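Below is one structure; the comments refer to it alone.
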């Protein structure tokens, strides 16, 4: 995910993930777990919403994920398509364009929470797949497509800015600085969209994030896609599109990739050829190289639904899968892979509990967490998890992940959990796919920190903005009340449209009501909005949260007298429903403004929030 925030550079840390996305296909109506613990503690899993068009119906089942592969039947003998057909819109099924959002749904904000300490990072992650997405789709309200936007929406921002006051910025709005600020803190902005370094929406539905060497790799694509995208990053902020690394002749999804230290191969695993699918395996000599098809395998003689991979501390690989022996999505379990990861070795455990999908595994403090969502087509779903100290069991009864104020994992479906180990502990990042943005719940991906109680029960509280430190392995809530110098200050603009006044951008808001107030300018160029901080003070960071009516080309400027302005940032690749988060050299200013020279569509410029900070 490219973060709109042009704040940069994070200290790299061990990131391990298990991804699972929304499980497709028809399945029986959701059935309560036979041994569900009423009132249990939160679930340690991830959730993801499903989006996508044209869901398929499995024989005798309910509507499931849209897929591009053959429905049921025997998958064809795989292999790479020569020249590989790419998903419509290119880039292996990118997300649909941001949608207009004026209302907010959802529960209450829970603040606080302690940072989890310790824990063993999990080497592994499962890939998830989901509904087909539209690459660069148009936005409602006449909004232009976000494709081409260079600001990263909803992404991770790192301390350490790229532009100095009065200095130059990189062309295309891509920051040039990769260094990490002394504090090492980065910021995640949820509810906004993510873009890669070329300004295109990132398309990694039901994917997996892995670290190989000094780089992070993000794999994924649309459900049933015949092209499978790979992105790389040095800092988890700036993502570079590496291409379609595995074009197929049949539909496949839920991609994950593991490195086998013995064979020196990168092994790709997929839900291969349809909704009632085979386990597909491909290999490559490089994580972003072209993968070569190896096999398509039935699991104990039957097809599977959603799947993901887990790599334990000893390097052993395991398949988490939904099994179709007795019907669509009727059972789910764990299977140990062979030493070379290319064949199935031994079944470890099987749950005879139907209507579950998106399985994923991670480990914390010696306890394994196995999470699943409900089989709910492309709709959002709650997440349940089981725990054990041995993958062979015994496993606990399922417990619902605690997501205060939401019964649908904040309008998402679980995908994977990423452990971040540092010098002071380990925090666990919960990643989910948001397939159907609604109201204020925008953006294609949700990242939240999991908070664990003394007994190890996880909670995923909602934060639209939160900070993490990759060096120390800690996180904190983003406290706007103490850090935003513009909060409650006077804002003026070159023009205003209707009730959308400039004053709205400096009001205190939460994730439930942030869409209620915004500024919108007249539909002409240029336009500006300025915040008076009340007195001259040191400033080194600005955060702008854009509506679907956005600035394509704009500058951030500072001044001591509102007459003479100094540019501290500029871009020509702004994006719809994105967050511009930029750090610059500390400077003294009383006024901070956004000066727009090119609108992103035929409407005016529009912002939900304009923040100014002096971060250490």
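The values are calculated or read from the model by the stated rules, or taken from the named source; none is laboratory data. Source: prediction; values computed, not measured. Every residue, glycine among them, receives a Cβ derived from its backbone with ideal geometry; neighbour counts consider all protein chains shown.
General remarks:
- Selected residue [surrounded by fewer than 20 Cβ atoms within 10 Å (Cβ to Cβ), within 30 Å of residue 454 (Cα to Cα) and in contact with a strand residue (DSSP E or B) (Cβ under 8 Å, 6 or more places away or on another chain)] from 298, 334, 350, 342: 350
Yes/no per residue for (1) touching a strand residue (DSSP E or B) at 6+ places or on another chain (Cβ under 6 Å); (2) part of a loop (DSSP other than H, G, I, E, B); (3) touching a residue at least 24 places away in the same chain (Cβ under 8 Å); (4) farther than 16 Å from residue 545 by Cβ:
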{"site": "449", "(1), (2), (3), (4)": "yes, no, yes, yes"}
{"site": "454", "(1), (2), (3), (4)": "no, yes, no, yes"}
{"site": "459", "(1), (2), (3), (4)": "yes, no, yes, yes"}
{"site": "466", "(1), (2), (3), (4)": "yes, no, yes, no"}
{"site": "472", "(1), (2), (3), (4)": "no, yes, yes, yes"}
{"site": "475", "(1), (2), (3), (4)": "yes, no, yes, yes"}
{"site": "481", "(1), (2), (3), (4)": "no, no, yes, yes"}
{"site": "486", "(1), (2), (3), (4)": "yes, yes, yes, no"}
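- For the stretch 454-513, filtered to residues that are over 25 Å from the mean Cα position of the chain (by Cα) and at positive phi, the residue that is modelled with the highest pLDDT is 488.
- Test result for residue 599, touching a strand residue (DSSP E or B) at 6+ places or on another chain (Cβ under 9 Å), touching a residue at least 12 places away in the same chain (Cβ under 8 Å) and within 20 Å of residue 485 (Cβ to Cβ): no
- Hey, residue 574 over 27 Å from the mean Cα position of the chain (by Cα) and either free of Cβ contacts under 8 Å to residues at least 40 places away in the same chain or within 26 Å of residue 516 (Cβ to Cβ) (or both) or not: no
- Residue ID - modelled with the lowest pLDDT, chosen from residues in the stretch 378-400 that are farther than 26 Å from residue 347 by Cα and surrounded by 24 or more Cβ atoms within 10 Å (Cβ to Cβ): 378
- Any hit, the stretch 505-527, residues being surrounded by fewer than 20 Cβ atoms within 10 Å (Cβ to Cβ) and in contact with a helix residue (DSSP H, G or I) (Cβ under 8 Å, 6 or more places away or on another chain): yes
- The residues listed here are 423, 387; of these, the one that is closer than 22 Å to residue 313 by Cα and part of a loop (DSSP other than H, G, I, E, B) is 423.
- Qualifying residue in the stretch 163-186 (condition: part of a strand (DSSP E or B) and modelled with pLDDT of 50 or more): yes
- Residue that is surrounded by the most Cβ atoms within 10 Å (Cβ to Cβ) [pool: residues in the stretch 222-273 that are touching a residue at least 40 places away in the same chain (Cβ under 8 Å) and on the phi > 0 side of the Ramachandran plot]: 254
- Checking the stated criteria, residue 572 turns out to be touching a helix residue (DSSP H, G or I) at 6+ places or on another chain (Cβ under 7 Å) and surrounded by fewer than 24 Cβ atoms within 10 Å (Cβ to Cβ).
- For the stretch 402-410, the criterion of being buried (at least 23 other Cβ atoms within 10 Å of the Cβ), modelled with pLDDT of 95 or more and not in a loop (DSSP other than H, G, I, E, B) is met by none of the residues.
- Those residues of the stretch 422-439 which are crowded, with 22+ Cβ neighbours inside 10 Å and in contact with a strand residue (DSSP E or B) (Cβ under 6 Å, 6 or more places away or on another chain), in sequence order: 426, 427, 428, 429, 430, 431, 432, 433, 434, 435
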